[in-house]
Amino acid sequence: MLTNYVYKLRPNITQSTKMNNWVDMLRSHYNWCLNDRLTQYAQQFIQGDYCSLRTKAEACPLTCFVSKNGATGEPWKNSSDKNPRRNAGMIQDAALPELKKARPWYAGIDSTVLQQNVKRLDIAYKNFFVGVACRQGLGRGFPKFKNRSNFTSFTYVMGVKVQGSKIYLPKLGWMRFHNSRPIPNGFTIKAATIRKRQDGWYVSIRIEDKTVPDYIAKPLTEVKKIIGCDLGITKLVHLSDNHQIENPKFLTNKKTKRILKIRQRRVHRKCQGSKNRKKAANHVGKLHKKIADKRQAYQWFVAQKIVFRNVDAIAIEDLNIDAMKRRCKPKIDENSGRFLKNGQSIKKGLNRSISDASWSDLTLKIEYLAAKHGKVVIKVNPKHTSQKCQNCGHIDAFNRDGEKFICTECGYMSHADINAAKNIRDRAFSIVRVDYPELKRPKNRKETSPRSLRANVVSLGT
Ligand SMILES: [Zn+2]
């Protein structure tokens, strides 16, 4: 089994300055590698001896770090290999000794850390191409140039040792840390990622024990009981067994919003580039960190609440959250050519609430916990789940009036979101039955499908 444990580090001043320097250097190396790949990509489309598209200078090792056919180094490996051509990551990896020679301060960084930095860019590219391949706007975007706020970590894959409450990081030395949970016996350290957060440095240690089996989700054939979850804003989750789970709105509640506003104003009023401004900005960051930590803890609590119910499977909507948060289209007045109100300013608040609820993180946690306890998560298409009537299956946008659900066809009344949760549950059932025909109900009982059964009950009642 492979898992991660996170600890807070207690570096001394030398170590923390060193780590700060490393992060800065690694960031510029990452950006340099990305730029190199972009240049090389553009290079492939011109015929001729040009080195750079901009200057149109001829390719020559002295004028240009990009050779005509292959990024920064020898594009071929041993010709005896099956696939002798190096990819961009391998070329940049092989160029690391050159980098250390040209910029000696990079020699201070552990070599596996530098290699992982190149790998990180490889992964960014890979994720992008996965998204392109499935053509649904899913997946990640194109690799970005990193700035100080979104590049804060580096990874070791070798040489990390832990002894009591001290950790050995190559080229940084022994460092103390808060040993908040012991590493279980039999687990070996695979990698360690050092990350800078607002209140200090953290290490995430990846540990593995091959003798411990992985968590395996239950096969769909064994699913008998399903609970449906409808994710929302006013209440975080509505369950198909009529339960609701509160949404504390850690970022968008009135109190936090006020504190955040005050702290942001304090930053704004300090001189640009001053130490006091930095201090004030740190205050804002600490609040954001606290909100993120609270949200994390609460989501584990919610995930437990859902997974520990007496069910085999959990049905969740497969939401495209990016699409939900997309900006409204601009409205232009035909006569004057001026922009009219398009509702974006109202939607901005909703978008913040959606981000604050962080449904995708919650779904991930539910998936993890479900697998851990031998259950399975079924993702269903959310289309019309909130407009469909549970009783008669009638779909109509007018069925819903805020939180109330009144069917325009049969008059069925319910809480709108619980109605949706039940629809999600039923949809998951239909997925299970379609995939595994042996689970389909026997033919003689086909007439008593849930829909007609309920219709019978209604007609008996009247
Ligand atoms: Zn109805």
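The values are calculated or read from the model by the stated rules, or taken from the named source; none is laboratory data. These numbers were taken from a predicted model, which means no experiment stands behind them. A quick note on method: Cβ atoms are made from the backbone with ideal geometry, for glycine too, and the neighbour counts reach across all protein chains shown.
How about the stretch 218-239: which of its residues are buried (at least 18 other Cβ atoms within 10 Å of the Cβ) and assigned to a loop (DSSP other than H, G, I, E, B)? Passing the criteria: V223, G232. In the stretch 328-344, of all residues being loosely packed, with under 12 Cβ neighbours inside 10 Å and of a type in the set (K, R), the one that is farthest from H288 (Cα to Cα) corresponds to R338. Scanning the stretch 90-132 for residues being within 18 Å of S153 (Cβ to Cβ), at pLDDT below 90 and not in a helix (DSSP H, G or I) gives a total of 0.
Close Cβ contacts (under 9 Å, 6 or more residues apart or on different chains) running from residues in the stretch 11-28 that are among the aromatic types (F, W, Y) to residues that are buried (at least 17 other Cβ atoms within 10 Å of the Cβ) comprise W22/I109; W22/D110; W22/V113; W22/F154; W22/L172; W22/I194.
Quick grid of which residues meet (1) within 27 Å of D293 (Cα to Cα); (2) more than 16 Å from the ligand (Cβ to nearest atom); (3) not acidic (D, E):
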residue: I346; (1), (2), (3): no, yes, yes
residue: S358; (1), (2), (3): yes, yes, yes
residue: D361; (1), (2), (3): yes, yes, no
residue: V376; (1), (2), (3): yes, yes, yes
residue: Q387; (1), (2), (3): no, no, yes
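Selection of first residues in the stretch 151-173 that are under 17 Å from S16 (Cβ atoms) and of second residues that are surrounded by fewer than 17 Cβ atoms within 10 Å (Cβ to Cβ) and of a type in the set (F, W, Y), restricted to Cβ pairs under 9 Å at least 6 apart or on distinct chains, gives the following pairs, ordered by first then second residue: K166/W174; I167/W174; Y168/W174. Being more than 28 Å from the chain's Cα centre (by Cα), part of a strand (DSSP E or B) and more than 9 Å from the ligand (Cβ to nearest atom) narrows it down to one of S430, S414, so name that one. It is S414.
Residues in the stretch 18-39 that are surrounded by fewer than 19 Cβ atoms within 10 Å (Cβ to Cβ), over 14 Å from I109 (Cβ atoms) and over 26 Å from the mean Cα position of the chain (by Cα): 1 in all. Among what's in the stretch 345-385 and is farther than 23 Å from L220 by Cβ and polar (S, T, N, Q), pick the residue that is surrounded by the most Cβ atoms within 10 Å (Cβ to Cβ). Going through the qualifying residues, I end up with S358. In the stretch 378-395, the residues that are not assigned by TED's automatic domain parsing to the domain that holds F429 and assigned to a loop (DSSP other than H, G, I, E, B) form no Cβ pair under 7 Å with any partner that is at pLDDT 85 or above and within 11 Å of the ligand (Cβ to nearest atom), whether six or more places apart or across chains.
Restricting the stretch 97-115 to residues that are surrounded by fewer than 19 Cβ atoms within 10 Å (Cβ to Cβ) and under 12 Å from C33 (Cβ atoms), the residue that is farthest from the chain's Cα centre (by Cα) is L99.
For A315, the conditions (1) over 30 Å from Q198 (Cβ atoms); (2) over 23 Å from the mean Cα position of the chain (by Cα); (3) surrounded by 12 or more Cβ atoms within 10 Å (Cβ to Cβ) are fulfilled apart from (2). Candidates are the residues of the stretch 193-217 that are farther than 30 Å from A313 by Cβ and of a type in the set (V, I, T); the one that is surrounded by the fewest Cβ atoms within 10 Å (Cβ to Cβ) is T193. One residue alone among V302, V284, V307, V267 is free of Cβ contacts under 8 Å to residues at least 40 places away in the same chain, surrounded by 15 or more Cβ atoms within 10 Å (Cβ to Cβ) and either in contact with a Leu (Cβ under 9 Å, 6 or more places away or on another chain) or of a type outside the set (A, V, I, L, M) (or both), and that residue is V284. So in the stretch 391-403, with the set limited to residues that are touching a helix residue (DSSP H, G or I) at 6+ places or on another chain (Cβ under 6 Å) and closer than 17 Å to G232 by Cβ, which one is farthest from the ligand (Cβ to nearest atom)? Only one residue fits best here, namely E403.
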